[in-house]
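I have placed the structure first, in the form of structure tokens, so that the comments after it can refer back to it.
The values are calculated or read from the model by the stated rules, or taken from the named source; none is laboratory data. The structure presented is a predicted model; accordingly, all values stated were derived computationally and were not measured. Methodologically, a virtual Cβ is constructed for each residue, glycine included, from the backbone with ideal geometry; neighbour enumeration extends over all protein chains shown. Accessible surface areas use protein heavy atoms only, side chains included; no ligands, DNA or RNA. Shrake-Rupley method; radii C 1.70, N 1.55, O 1.52, S 1.80 Å.
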Amino acid sequence: MRHYPRFRPWLTSLCLAAGLLAGGPALAAVPFQLDGNAVTADGSGYPGDDWDKVNVLGGDSALAKTGLIIDDPEPIQAQFTGGGSKDQQDIPNWKWRTGSPPDKDDLSHAYAAAYLDDNQHFILIFGMDRFDTSGDAQLGFWFLKDQVKPLGSGNSGTFNGQHMNGDILVLVNFSNGGTVPTIEVYEWMGGGLLLKGAAQAVLCTGGYIPAGKSYCGITNADPVAAPWSYVNKDVGPSATFPSGAFFEGGIDVTALLPDESTCFTSFLAESRSSTSITATLKDFAGSSFNVCGFTVDKACTGGSFDDQGDSTASNDTVTYDISGSVTNTGLGTLYNIALTDMPAALDGDFVWDDCGDPATLLDSTNGKLDMLGAHETACYHNTLTMLVSEGGYGASDQIEAVANTSADDTGALVHADEPAQATCPKFAVETSLVLNKDCQSKIATDGSKVYAQVDVTGSVCNTSLTRIYNVQLTDTREGSDHDVFLSPLSLAPSGQNGDCATFNTTYTPTQALIFDGSASSSVATEIYFRDILSVKTAEDILGSDISADALPVEAKCPLCCSGEQCQE
């Protein structure tokens with residue numbers, strides 16, 4: 001009968017109301033109009049939102065809402081099929097197929113919203129409109145804690161997710177021509193459905209749940225305006241819902257199920273073959289409905305290098321401080337909040353504290369925050385250590401967070417709205433090399449041969465707090481360069497063993513210089529030999545050339561008589 005290229009309803013995103021946050025409007029005694037129509041300004045004078053605000057216009061005060069779930073035209077994942085597709089069966093037994101359900105079972109749209117009233121009661125509001133108003137109407141509305149949606153493509157498939165303790169099912173039954181619904185409320189507990197609200201003909205009155213009742217429903221006894229595109233079997237596209245085409249209802253969950261968590265993540269409306277709890281399921285329309293949620297943020301600060309004592313920098317690491325907070329933006333308490341850091345380079349478990357008083361630690365188990373109440377914020381911190389050679393210096397880092405709706409981890413998983421990312425700072429790499437050099441000259445003899453000899457000593461020291469690599473010195477004498485060390489060295493950070501390297505060498509000069517610049521002299525104390533020590537190569541922990549960091553040093557070696565101490 002109707003065709004739809006893709007299954008869009010499950011892509012409808014959750015809308016969280018800003019009114020719940022600090023500075024939002026005061027909570028209302030009657031947050032929503034349950035009056036049998038979908039228009040806020042209907043002249044009734046009833047307070048609260050209505051579906052035109054929630055689904056179309058905006059400006060509502062819902063804490064969470066599905067928006068308008070479109071089931072007309074029929075999507076590919078169109079309707080239930082198979083004998084296991086029943087309410088008392090777990091969700092893995094549900095199956096779907098393409099095609100169109102019978103006209104009287106065909107949903108056009110579905111919708112849901114969550115509110116808090118001025119008594120801090122949690123209120124679920126739900127509704128639908130249908131294609132054909134003839135015959136009996138048996139409807140169901142699931143509020144699910146797990147993320148439930150159809151899986152697969154083609155002509156048939158299954159559903160992901162499973163029932164969780166605390167899932168709520170509302171059954172609504174209308175006899176042919178009836179306008180007062182019979183309503184039952186069930187809770188999934190311990191693997192099956194438990195009746196929590198016995199079958200009652202509870203009509204919403206005065207635009208809301210009647211006093212002394214915890215739930216109600218109402219349909220339109222007369223034609224009413226349709227605030228969105230609607231197609232009726234008898235008249236086609238219409239701006240009006242004919243009598244019995246529109247239904248809405250509400251539950252005061254706090255009154256009916258006072259001890260249950262309100263962390264729902266999915267909503268599903270269904271049509272059913274009969275009033276029995278074992279009825280076969282027909283059409284469905286669903287969406288995400290994240291009443292619970294939380295955010296996570298992150299910062300990466302500080303930074304220090306960690307010397308591993310190797311001759312190369314391949315194993316050296318950099319350590320940063322990471323910190324941030326998680327904020328519960330929903331209504332229910334979240335448990336066992338776990339953070340996952342990527343890249344995985346944490347130094348032990350996360351530590352949790354009171355953001356306003358960091359000295360006050362919060363209860364955690366193996367790095368997981370035990371619990372976080374509605375609208376509370378907790379802070380975390382840790383350190384992060386990564387290899388410099390693998391891009392750890394200035395790395396980008398990401399935190400993902402997941403929580404559970406139950407303290408024993410048997411509830412639904414709730415993921416943070418978005419991962420938190422931070423780029424660690426590229427702090428300054430400070431290096432410093434200091435050269436020292438001395439020399440002594442003397443007259444040496446070898447048999448009848450008399451010649452000058454120069455003994456050179458020197459050192460290079462790392463006076464910075466990071467290791468310096470690939471250090472090689474050049475000794476320049478008489479216009480010729482000579483490597484000082486047999487192979488390049490690494491120098492430990494200042495104050496550690498190996499932060500200096502010394503050397504000594506001896507050579508026979510062939511050229512001499514005169515202190516006063518004369519071309520020649522026969523006075524031994526006026527003659528000297530010049531020797532210059534400089535850095536040939538040196539690299540910091542990042543591999544950058546720092547050979548120019550140390551100024552060359554020059555030693556002037558006066559020629560002295562054999563056996564005398566040379567002095568400049």
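The table below gives the values:
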item	result
Phe515 - accessible surface, heavy atoms, 1.4 Å probe, Å² rounded to 10	100 Å²
Label point distance in nm, Ser229-Thr312, each placed 7 Å from Cα along Cα→Cβ	6.5 nm
Antiparallel %, DSSP beta bridges [both residues in segment 128-227], to 5	95 percent
Extension gain (nm, one decimal) between Asp222 and Asp357, 0.36 nm per residue minus Cα-Cα	42.6 nm
Full-extension gain in nm, Thr179 to Thr301, via 0.36 nm per residue minus C-alpha separation	37.5 nm
Accessible area per residue in Å² at 1.4 Å probe, computed on segment 58-209	32 Å²
Förster radius 25 Å - calculated FRET efficiency between Ser134 and Gln200, Cβ distance, rounded to 0.05	0.50
With all protein chains modelled, accessible area of His381 [1.4 Å, Å²]	80 Å²
Label corresponding to percent of Cα pairs over 46 Å apart when calculated from the structure given, among (i) 37; (ii) 43; (iii) 22	(ii)
For the chain, with +1 on Lys and Arg beta carbons and -1 on Asp and Glu, the positive-most of Asn290, Tyr451, Ser544 along the dipole	Asn290
Beta bridge orientation in segment 257-379: antiparallel %, DSSP, nearest 5	100 percent
Of Gly84, Gly367, Phe131, farthest towards positive along the dipole that unit charges on Lys, Arg, Asp, Glu beta carbons give the chain	Phe131
Separation between Cα centres of segment 145-209 and segment 354-423, rounded to whole Å	35 Å
Carbon + sulfur, % of accessible area of the chain - ligands and nucleic acids excluded, 1.4 Å	48 percent
Furthest towards positive pole of dipole, Thr327, Val148, Asn404, structure part the chain, Cβ charges	Val148
Ser276-Gln398 pseudo-label distance in nm [points 7 Å out on the Cα-to-Cβ vector]	5.0 nm
Within the chain: Cβ-based charge dipole about Cα centre, in debye rounded to nearest 20 (Lys, Arg +1; Asp, Glu -1)	1540 debye
Ranking by accessible area, most exposed first, for Glu260, Glu74 with a 1.4 Å probe	Glu260, Glu74
Whole-number accessible area per residue in Å² for segment 247-297, which is evaluated in the context of all protein chains at 1.4 Å	24 Å²
Per residue, in Å², the accessible surface of segment 381-500 once ligands and nucleic acids are set aside, probe 1.4 Å	49 Å²
Spatial separation of Cα centroids for segment 496-511 and segment 76-134, in angstrom	86 Å
222 nm mean residue ellipticity, helices alone, for the chain (DSSP H n ≥ 4; -39,500 (n - 2.57); rounded to 500)	0 deg cm²/dmol
